[in-house]
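The values are calculated or read from the model by the stated rules, or taken from the named source; none is laboratory data. No experiment lies behind these values; they were computed from the predicted model shown. No Cβ is skipped: glycine too gets one built from the backbone with ideal geometry, and neighbour counts run over all protein chains shown. Only protein heavy atoms, including side chains, enter the accessible area calculation; ligands, DNA and RNA are left aside. Shrake-Rupley method; radii C 1.70, N 1.55, O 1.52, S 1.80 Å.
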Amino acid sequence: MGKLSHFRRSLKKYKWLLLMTLPGIVYLFINNYIPMYGVILAFKNYNFVDGIWGSDWAGLDNFKFLFNSQDAYIITRNTFLYNFVFILLNLILSVFVALLINEIKEKVISRFYQSTFLLPHIISMVVVAYLVYSFLNADSGLVNRLLIKWFGSEGISWYGEPKYWPYILVIVNAWKNVGYLSIIYFASIIGIDKEYYEAATIDGASKWKQMTRITIPLILPVITTMTLLAVSGILRSDFGLFYQVPMNTGALIPTTNTIDTFVYRAMIQSGDIGMSTAAGFYQSVVCFVLILVANTAVRRINKRDALF
């Protein structure tokens with residue numbers, strides 16, 4: 001009874017705040033939970049005439065076909081390794097940028113840099129794809145023109161050479177996302193009590209020691225939370241980055257093909273809804289397991305930093 005009465009009091013106290021979350025909850029339910037019944041397609045030989053429930057059951061045939069093909073290894077490897085590099089590099093760069101912004105004392109200049117760094121994140125990936133194309137076009141791209149002008153070397157057919165694209169995709173992803181992440185870390189930095197820095201200055205601590213002994217340890221919970229959220233989607237790739245930026249070039253598919261682009265191509269080009277759903281279901285299960293493992297590891301180190 002005590003817990004029930006406490007729950008009722010909390011409900012009454014925060015009723016307006018809970019009401020404000022209602023649109024988000026409704027959206028989440030409609031967009032994320034209702035479509036989950038479609039996972040049944042992974043276990044069916046779907047055809048449009050009979051519909052979802054009328055189609056014959058396929059058991060695990062869609063998964064067998066997926067995992068017996070070479071595509072399963074390639075798309076899993078690409079998705080995991082790209083995201084691992086993205087998480088690690090973006091974390092280091094974004095924290096570094098946040099620390100630099102924090103050292104800018106002029107508020108107008110600080111806000112200018114924040115806006116400038118945030119701008120790439122809100123640009124559509126379609127626009128980014130054409131920006132990259134303007135740099136890497138074999139005939140008139142800026143990079144090739146500079147290579148020929150400065151070094152006298154022949155231009156590179158960037159969209160025909162897969163070996164360059166792991167580096168290109170990492171650079172584009174960092175350019176687009178580091179600014180956004182740095183704003184999040186900067187927001188947590190400015191919340192640190194200034195008395196810590198004043199005491200450190202009196203003790204003769206340098207800026208480097210203040211960053212490493214005060215700033216980074218105090219924003220570590222935010223870093224942990226952001227990293228856990230990123231790990232939860234380590235098998236989910238940015239479709240625009242891997243499909244639109246390489247311009248869906250056939251020569252680059254072995255290097256740029258991920259689970260998301262594989263699902264799209266399986267749906268659009270081959271019409272194999274069952275196998276594409278199986279790939280998506282496999283992706284979701286692995287992501288779920290990874291976030292549980294990562295969160296458990298964090299809980300053993302520090303329970304307060306864990307998500308749940």
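By a 1.4 Å probe calculation restricted to protein chains, residue 77 has an accessible surface near 90 Å², given to the nearest 10. Computed on protein heavy atoms with a 1.4 Å probe, the accessible areas place 73, 185, 197 in the order 73, 197, 185, largest first. Within the listed set 230, 199, 138, the Gaussian network model of the chain (springs between alpha-carbon atoms below 10 Å) gives the highest mean-square fluctuation for 199. This model, with +1 at the C-beta of Lys and Arg and -1 at the C-beta of Asp and Glu, gives the chain a dipole about its Cα centre of some 1380 debye.
The accessible-area ordering, largest first, of the residues 94, 153 stands as 153, 94, per a 1.4 angstrom probe. Sorting 44, 12, 194 on solvent-accessible area from highest to lowest, probe radius 1.4 Å, gives 12, 194, 44.
When the accessible area of segment 78-145 is split by element with a 1.4 Å probe, what percent falls to carbon and sulfur?
Accessible surface attributable to carbon and sulfur in segment 78-145 totals 73 percent.
A straight line joining the Cα centroids of segment 237-270 and segment 12-41 runs 31 Å. Solvent-accessible area of segment 178-295 (1.4 angstrom probe, protein heavy atoms only): carbon and sulfur portion equals 66 percent. By a 1.4 Å probe calculation restricted to protein chains, residue 76 has an accessible surface near 30 Å², given to the nearest 10. Remark: segment 92-107, residue by residue, has Karplus-estimated 3J(HN,Hα) of 4, 5, 5, 5, 4, 5, 4, 5, 5, 4, 5, 7, 7, 8, 6, 4 Hz, where x stands for each Gly or Pro and the curve is 6.51 cos²θ - 1.76 cosθ + 1.60 at θ = phi - 60°.
Distant-in-sequence amide contacts of residue 44, defined by a placed amide H-H separation under 5 Å and a gap of 5 or more residues or a different chain, comprise 58. Selection among 95, 204, 179 by position relative to the dipole of the chain gives 204 as farthest towards the positive end (Cβ unit charges, Cα centre). Rolling a 1.4 Å probe over the heavy atoms of the protein chains gives segment 119-190 an accessible area of 57 Å² per residue. Scanning residues 5 or more positions from residue 137 or on other chains, those with amide H under 5 Å from its amide H are 142, with H placed 1.01 Å from N in the peptide plane. Counting heavy atoms of the protein chains alone, residue 307 has an accessible area of about 70 Å² for a 1.4 Å probe. Taking Cβ atoms as reference points and 12 Å as the exclusive limit, the residues near residue 71 contribute a net charge of +1, counting Lys and Arg as +1 and Asp and Glu as -1. Taking each of 105/194; 44/64; 12/303; 209/303; 13/303; 176/207 in turn, the alpha-carbon distance tops 21 angstrom for 12/303; 209/303; 13/303; 176/207.
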